[in-house]
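Data first, discussion second: the structure below is written as structure tokens.
The values are calculated or read from the model by the stated rules, or taken from the named source; none is laboratory data. Note that the structure is predicted; figures quoted are calculated from it, not measured. Cβ atoms come from the backbone with ideal geometry, glycine included; neighbour counts cover every protein chain shown.
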Amino acid sequence: MKWLDILDESRLPEGVREVVEVEGAPILLIRYQGQIYAVAARCPHLGASLKNGRITDDGFLVCPRHRSAFSLQTGEVAEWSPWPPGVGRVLGALRREHALPVYPVRTENGRVRIGI
């Protein structure tokens, strides 16, 4: 695994989200409950930005556009486009269910690093 130096940890206080470009891919960094997570910045459903997605109390990131929900820790799908009723199922059927890519994160000497 290659560890890439991304940004200074002070730029990511609790609740802040930052999209960074890593080798051509947008990655969303989120500090949630003291831990930093790195996930693909776009929903694998239809490519909507996840930057403003809601985080549930149990650590799932919810797409603000289609309401698909993904674990911040594993990327596993909790919900796949569950709404709006009727339309959500149609949209969900357009693309097969895909987990959200997640990346390992570590901090060293005040710097955030992502493993790829």
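Within region 1-17, track down each residue that is in a loop (DSSP other than H, G, I, E, B) and either surrounded by 14 or more Cβ atoms within 10 Å (Cβ to Cβ) or of a type outside the set (Val, Ile, Thr) (or both).
Within region 1-17, the subset in a loop (DSSP other than H, G, I, E, B) is 1-2, 12-16.
Within region 1-17, MET1, LYS2, LEU12, PRO13, GLU14, GLY15 qualify.
Here VAL20 fulfils each of the conditions (1) buried (at least 20 other Cβ atoms within 10 Å of the Cβ); (2) at pLDDT 95 or above apart from (1). Summed over region 62-75, residues that are in a loop (DSSP other than H, G, I, E, B) and either modelled with pLDDT under 95 or of a type in the set (A, V, I, L, M) (or both) total 7. Every residue in region 29-54 that is in a strand (DSSP E or B) and within 10 Å of the chain's Cα centre (by Cα), please. Once the filter is applied, which keeps residues that are in a strand (DSSP E or B) and within 10 Å of the chain's Cα centre (by Cα), region 29-54 yields LEU29, ILE30, TYR37, ALA38, VAL39, ALA40, ARG42, SER49.
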